Amino acid sequence: MEHSDVLLELKDIVKTFPGVKALDHAQLRVRAGTVHALMGENGAGKSTLMKCLFGIYRKDEGTILLEGKEVDFKTTKEAMENGVAMVHQELNQALKRSVLDNLWLGRYPTTGIMVNEKKMREDTKAIFDELEIDVDMDQKMSELPVSKRQMVEIAKAVSYNSKIIIFDEPTSSLTEAEVEHLFKIINMLRDRGCGIVYISHKMAEILRISDEVTVMRDGQWVATEPAAELDNAKLIKLMVGRELSNQFPPKTNEPGEVVLEVEGLTGQYNMLKDVSFKARKSEILGFAGLDSSGRTETLESIFGVATRHSGTIRLNGKEVSNKSSKQSLEAGFALVTEERRATGIFGIRSILDNTVIASLKKYLVHGLWLNNGAMKEATQWGIDAMATKTPSQETKIRSLSGGNQQKVILARWLLTKPQVLMLDEPTRGIDVGAKYEIYQLIIDQAKAGTTVLMVSSEMPELLGVCDRIVVMSGGRVAGEVDAKNTTQEEILTLAAKYV
């Protein structure tokens with residue numbers, strides 16, 4: 001590799017958190033005008049490495065060279081002013097402010113002491129036009145869907161004339177059309193000579209868009225290869241250090257009698273129309289469909305967090321009202337949401353707090369105080385059962401990787417011993433190795449008698465884990481298929497039925 005076209009070089013980066021060596025002499029070299037994918041299991045150190053570059057974390061050891069000059073950014077502002085930008089998986093934006101404010105906060109163009117609004121609008125329009133971004137610059141951020149908010153973040157990176165742009169799991173909540181638009185923008189930035197660092201778990205995407213791929217494992221550099229010489233099997237072997245020939249555990253659950261009956265579910269404020277289905281004891285029932293087909297809304301309506309206009313839910317033949325999450329929990333339902341960060345975790349609380357929060361009643365002694373020993377025991381069960389990587393039960397959950405946060409949330413809901421466990425995208429943003437562990441847990445739960453309802457955008461996952469699949473389209477049930485005897489084509493055809 002020519003040293004002259006190396007835009008960014010990270011050498012021997014070490015970062016230690018209490019009890020965990022997150023980065024162990026990690027390396028990365030990014031050339032100008034290339035897309036460089038960064039891959040590895042959850043907790044491999046990918047995001048940590050980028051946060052050390054971007055000024056969110058301070059590295060303990062190592063050297064960062066940008067265009068041959070050593071840099072060590074103390075803040076994200078300093079990183080951006082020097083041409084390094086990062087589009088995060090979990091967007092941190094000023095939601096109450098307009099799109100325009102979010103783009104220029106902290107650096108409004110001025111004439112004398114006045115903000116030059118005309119210049120600000122012209123510059124924004126020029127960037128939006130160039131990137132073909134269709135967003136109203138006066139709209140409040142909170143009113144935009146995640147995909148549009150992400151486009152604003154990309155526009156912001158471009159407005160800084162960034163040389164290096166890091167994308168951290170950028171497609172985890174995008175539709176296929178939005179992914180295509182994103183790739184178009186990334187290719188445009190690459191052709192301009194930017195160095196793009198692309199973090200993702202989606203192998204097909206990585207192989208399609210990258211020029212080079214660096215794989216990390218346990219905080220260390222494992223390999224850097226041209227993307228053209230890699231395939232799924234090679235990547236998995238590099239990432240997990242073993243061959244995952246079977247992506248899914250063997251199915252050991254055997255569905256029994258019908259325990260859950262949902263009839264005529266229609267939403268008050270969402271598009272659900274007359275959704276009806278039945279689910280059996282020990283069954284894993286999948287929900288497929290395109291984005292905004294009503295999959296998530298179905299689970300939210302059953303759990304009482306979305307208002308129903310009409311419809312009945314029966315568990316073991318008895319009607320349950322499930323008007324709120326509290327009622328639903330008491331009736332034996334649990335819901336693991338897709339948006340972990342917004343609706344799942346209590347970021348500043350410990351692993352222990354996050355694990356026992358939904359089943360505190362169990363640990364009350366004489367209704368007066370909490371039995372700390374029992375809570376610790378339950379938390380340890382969760383950590384062991386999920387193989388969660390954490391220094392201790394007292395660690396704040398927000399310092400864990402995405403996959404490990406997901407495991408803590410799963411443990412939380414399993415401790416409520418639900419009869420019906422509802423999972424919305426349970427493996428979103430999680431690597432191959434951790435996915436296998438979560439599939440195993442789901443199958444074990446079903447084997448133990450739990451009825452599992454599972455929404456997923458990943459077709460192979462639904463086919464590999466579920467017994468039956470309900471296909472949603474335009475807020476309605478478009479059909480039901482047997483997971484063993486169906487094909488991706490049949491599911492997609494049904495998914496497009498009412499679009």
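The values are calculated or read from the model by the stated rules, or taken from the named source; none is laboratory data. Just so we're clear, the structure is a prediction, and the values are computed from it rather than from any experiment. Using ideal geometry, Cβ is built from the backbone for each residue, glycine included, and neighbour counts are taken over all protein chains shown. Areas reflect the complete protein model, heavy atoms only, side chains present, ligands, DNA and RNA absent. Shrake-Rupley method; radii C 1.70, N 1.55, O 1.52, S 1.80 Å.
Please tell me the relative contact order of the range 322-477 in percent, rounded to the nearest whole number, where contacts are Cα pairs under 8 Å and at least six residues apart.
Details: 192 pairs, mean separation 41.6, N = 156.
Computed over the range 322-477, the figure is 27 percent.
Which order do the peptides 103-114, 129-140 come out in when sorted by mean C-beta neighbours inside 10 angstrom, highest first? Walk me through the numbers before you get to the answer.
On the way: 103-114: 11.2, 129-140: 13.9.
With the highest mean Cβ count within 10 Å placed first, the list reads 129-140, 103-114.
Using the Cα gyration tensor of the range 173-323, with a ≥ b ≥ c the square roots of its eigenvalues, what is the shape: rounded (a/c below 1.5), prolate (a/b larger than b/c) or oblate (neither)? Before the final figure, lay out the partial values.
On the way: a/c = 3.81, a/b = 1.84, b/c = 2.07.
Oblate, because a/c is 1.5 or more while a/b does not exceed b/c.
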task: Could you look at the range 1-84 and say what percent of its accessible area is carbon and sulfur, using a 1.4 Å probe and all protein chains?
output: 46 percent
- prompt: For the peptides 316-322, 165-171, what is the packing order when you average, over each peptide's residues, the other Cβ atoms within 10 Å and list the highest mean first?
  reply: 165-171, 316-322
task: Run through the DSSP bridge list for the chain and note the antiparallel percent, rounded to the nearest 5.
output: 55 percent
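About the Cα centre, and with charges only on the beta carbon of Lys, Arg (+1) and Asp, Glu (-1), how big is the dipole of the range 291-399? Nearest 20 debye, please. Each step should come with its number before you reach the end.
On the way: 15 positive and 11 negative charges, 34 e Å.
Its charge dipole is roughly 160 debye.
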message: Quick check on packing: order 266-277, 199-210 by the mean number of other C-beta atoms within 10 Å, highest mean leading.
response: 199-210, 266-277
query: How large is the charge dipole for the chain, taken about the Cα centre, if only the Cβ atoms of Lys, Arg (+1) and Asp, Glu (-1) carry charge, to the nearest 20 debye?
result: 1520 debye
message: Based on Cα coordinates alone, diagonalise the gyration tensor for the range 70-220, multiply each eigenvalue by 5, take square roots, and list the semi-axes in whole Å, largest first.
response: 27, 19, 15
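Per the 1.4 Å probe, what fraction of the accessible area of the range 345-384, in percent, lies on carbon and sulfur atoms? Write out the running numbers ahead of the final one.
Working: 1450 of 2380 Å².
Carbon and sulfur atoms account for 61 percent of the accessible area of the range 345-384.
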field: Global geometry of the range 248-353, whether rounded, prolate or oblate, following the gyration tensor of its Cα atoms and the 1.5 cut on a/c
entry: rounded
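Please report the antiparallel percentage of DSSP beta bridges with both residues in the range 1-97, rounded to the nearest 5.
On the way: 15 of 15 bridges.
The antiparallel proportion sits near 100 percent.
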message: Can you find, among 404, 252, 356, the residue sitting farthest towards the positive end of the charge dipole of the chain, where Lys and Arg contribute +1 and Asp and Glu -1 at Cβ?
response: 356
message: As I understand it, the value is the acute angle between the Cα axis of helix 146-159 and the longest principal axis of the Cα atoms of the chain; what does it come to in degrees, rounded to 10?
response: 10 degrees
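Can you give me the accessible area per residue for the chain, using a 1.4 Å probe, in Å²? Could you put the intermediate results ahead of the total?
On the way: 22240 Å² over 499 residues.
That works out to 45 Å² per residue.
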Listed residue (487, 186, 154) projecting farthest to the positive dipole end of the chain, Cβ model: 154
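So which of 74/396; 202/251; 237/407; 74/148; 96/435; 281/407 end up more than 32 Å apart, counting from Cα to Cα? Present the calculation step by step, with values, prior to reporting the outcome.
On the way: 74/396 23 Å; 202/251 24 Å; 237/407 23 Å; 74/148 29 Å; 96/435 35 Å; 281/407 23 Å.
Beyond 32 Å between Cα atoms: 96/435.
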message: For residue 381, what accessible surface area do you get with a 1.4 Å probe? Give it in Å², rounded to 10.
response: 110 Å²
message: Can you give me the angle between helix 402-414 and the longest principal axis of the chain, using Cα atoms only, in degrees from 0 to 90, rounded to the nearest 10?
response: 20 degrees
query: Going 7 Å from the Cα of residue 176 toward and past its Cβ, which residues in the range 438-480 have a backbone nitrogen under 19 Å from where you end up?
result: 456-464, 470-476, 478-479
- request: Name all residues of the range 22-58 having a backbone nitrogen under 15 Å from the label point set 7 Å from the Cα of residue 11 along its Cα→Cβ direction, giving them as ranges.
  value: 25-30
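Rounded if a/c is under 1.5, else prolate if a/b beats b/c, else oblate: with a ≥ b ≥ c from the C-alpha gyration tensor eigenvalues square-rooted, which is the range 38-111? Don't jump to the answer; show the numbers that get you there.
Working: a/c = 2.80, a/b = 1.43, b/c = 1.95.
Oblate is the answer for the range 38-111, as a/c is 1.5 or above yet b/c matches or exceeds a/b.
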- line: Nearest 10, in degrees from 0 to 90: the angle of helix 176-191 to the longest Cα principal axis of the chain is 20 degrees
message: Nothing charged except the Cβ atoms of Lys and Arg (+1) and of Asp and Glu (-1): what's the magnitude of the dipole of the range 22-142 about its Cα centre? Round to the nearest 20 debye.
response: 280 debye
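Could you order 346, 333, 17 so the one with the most accessible surface comes first? Probe is 1.4 Å. Provide the component values of the computation, followed by the final result.
Values: 346 100, 333 0, 17 65 Å².
The ranking, largest first, comes out as 346, 17, 333.
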- request: Can you find, among 233, 302, 174, the residue farthest towards the positive end of the dipole of the chain? Put +1 on the C-beta of Lys and Arg, -1 on that of Asp and Glu.
  value: 302
